[in-house]
1. Filter segment 192-247 down to the residues that are within 22 Å of residue 272 (Cα to Cα) and among the basic types (Lys, Arg), then identify the one that is farthest from the chain's Cα centre (by Cα).
2. Could you run through segment 71-112 and say how many residues are of a type in the set (Ser, Thr, Tyr) and modelled with pLDDT of 95 or more?
3. Looking only at segment 349-388, count how many residues are exposed (fewer than 13 other Cβ atoms within 10 Å of the Cβ) and acidic (Asp, Glu).
4. Quick check on my filter: what residues within segment 350-397 are among the small types (Gly, Ala, Ser) and within 28 Å of the chain's Cα centre (by Cα)?
5. Answer yes if at least one residue in segment 132-145 is assigned by TED's automatic domain parsing to the domain that holds residue 240 and under 20 Å from residue 319 (Cβ atoms), and no otherwise.
6. Of the residues 339, 270, which single one is farther than 25 Å from residue 398 by Cβ, assigned by TED's automatic domain parsing to the domain that holds residue 147 and of a type in the set (Val, Ile, Thr)?
7. Surrounded by fewer than 18 Cβ atoms within 10 Å (Cβ to Cβ) and part of a loop (DSSP other than H, G, I, E, B) - does that describe any residue in segment 163-172?
8. Somewhere in segment 353-361, is a residue among the acidic types (Asp, Glu) and either part of a strand (DSSP E or B) or out of contact with any helix residue (DSSP H, G or I) (no Cβ under 9 Å at 6 or more places or on another chain) (or both)?
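The values are calculated or read from the model by the stated rules, or taken from the named source; none is laboratory data. None of these values were measured; they are calculated from a predicted model. Counting neighbours? That spans all protein chains shown, and the Cβs are built from the backbone with ideal geometry, glycine included.
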Amino acid sequence: MKKAFLSTGLLIITLFVQGQILKKISDKVKNKVNATENKPVGDTAGVKKEEKNPVIETNKTDTTKKNEKAEPTVAGIKAYSKYDFVPGEKIIVFEDFMQDAVGDFPDKWNTNSAGETVTIEGKAGHWLKMTKHGVFMPDFIDSLPENFTLEFDLLVDQPANSWGIFPVLAQLENRDKIQDWRSSNNFFAVNILPGDANNGASYYERKKMGSLDQPPGIKINGFADLTRPVHVAMWRQKERLRVYLNEDKTWDVPKAISLEAKLNAFLLFVQLKGDWNFYVGNLRLATGAPDTRNKILKENKWVTHGILFDVNSDKIKPESYGSLKEMADIMKEFTDLKVKIVGHTDADGKDDTNLDLSKRRAASVKDMLAKEFGIDAGRMETDGKGESEPIDNNTTPAGKANNRRVEFIKI
């Protein structure tokens, strides 16, 4: 009988305790519901406001994890098989920001925003970090001819699905008011939107003699790997403009720019607002239309600045494909043509190191033409001159860039 009473007592206590716990949980839920119901309409404290054109943000930690799972690979030379970009013959501007102290805004640039010179782990040289919404302009580009190529490398530290960056070619009425570029009578602006998961986009705006046009956009996927710079190349031939993002010809617009336009500025317009940063480096402007056939067949030598290498290396960069294909096509057409490939460097570093590097780079070009393009290796010789035969000064970035070259000499 005592055992029965004891068991009954324990059961009553257990039920009482459980009832108290359930009551507390119920009270908490009621309190939360009441707090929501009693919140006045329009009270947005602690709630992020939705913008008119919202930026779809991606958590940085999650983005890193996605990138690690994706295991992206760097595009090789074969990925550029349709890449037909060939840079101009003479480099007139080369900007690597090496003359600017880290932490300072570049001395020869203008902005209505904010930025600084930085280094990036694993990437050569200095970079301009653009930290806020606004316009950035290199003061030293004040005239753009009818035929030119303009290239630069672009990085962004996280995807963005609503705002991007515009490389702009413009005819500014007042170069001191760079924020007014859209009021110019002539401009061509390409929006680059680095979305995540191969979900980026691009569109362009153009104004020709005051008439504005904005065709529909397209998808892009160049920013799938945020650790890899996207190589942006713009090629103007009179009215025609081609824009490349890495190996993809993103835009080819036959009537992009009016022949009456007097383009006098290159701008970078950063749309993003918030915790995003764009980085630009290795800006290069070259003039002159490439004429490979005439140079090699009639003048017996073609000098190219379009075959690029990793820093202090003989590894050819994929964006060199267009220039390599130019020579390969000619050698396939003229099967008796033989050439000597000669590498050249600038004067930075030791003489013997540069000489060795130039020889190895020439050998890499020969190897690439033989293996990737099927050119008989017996038709090609190689040599290297190091820094011993400059064609420009070695005191300016543009001069050094001109001296870094590959020559094909008819033999």
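1. 206
2. The first filter runs over segment 71-112 and keeps only residues of a type in the set (Ser, Thr, Tyr), leaving 73, 80-81, 83, 111.
Subset that is modelled with pLDDT of 95 or more: 111.
Here the count works out to 1.
3. First, the residues of segment 349-388 that are exposed (fewer than 13 other Cβ atoms within 10 Å of the Cβ): 350-352, 371, 374, 376-378.
In the following step, the residues that additionally are acidic (Asp, Glu) were identified as 351-352, 376.
Count: 3.
4. Our first condition is that a residue be among the small types (Gly, Ala, Ser); within segment 350-397, this holds for 358, 362-364, 370, 374, 377-378, 384, 386, 388.
Passing the criteria: 358, 362, 364.
5. Quick first cut of segment 132-145, residues assigned by TED's automatic domain parsing to the domain that holds residue 240 only: 132-145.
With the extra rule that they be under 20 Å from residue 319 (Cβ atoms), the set shrinks to none.
No, segment 132-145 contains no residue that is assigned by TED's automatic domain parsing to the domain that holds residue 240 and under 20 Å from residue 319 (Cβ atoms).
6. Numbers: 339 fails: assigned by TED's automatic domain parsing to the domain that holds residue 147.
Result: 270 is the single residue among 339, 270 that is farther than 25 Å from residue 398 by Cβ, assigned by TED's automatic domain parsing to the domain that holds residue 147 and of a type in the set (Val, Ile, Thr).
7. Our first condition is that a residue be surrounded by fewer than 18 Cβ atoms within 10 Å (Cβ to Cβ); within segment 163-172, this holds for none.
Within segment 163-172, not a single residue is surrounded by fewer than 18 Cβ atoms within 10 Å (Cβ to Cβ) and part of a loop (DSSP other than H, G, I, E, B).
8. Filtering segment 353-361 for residues among the acidic types (Asp, Glu) gives 356.
Restricting the remaining residues to those that are either part of a strand (DSSP E or B) or out of contact with any helix residue (DSSP H, G or I) (no Cβ under 9 Å at 6 or more places or on another chain) (or both) gives 356.
Within segment 353-361, one or more residues are among the acidic types (Asp, Glu) and either part of a strand (DSSP E or B) or out of contact with any helix residue (DSSP H, G or I) (no Cβ under 9 Å at 6 or more places or on another chain) (or both).
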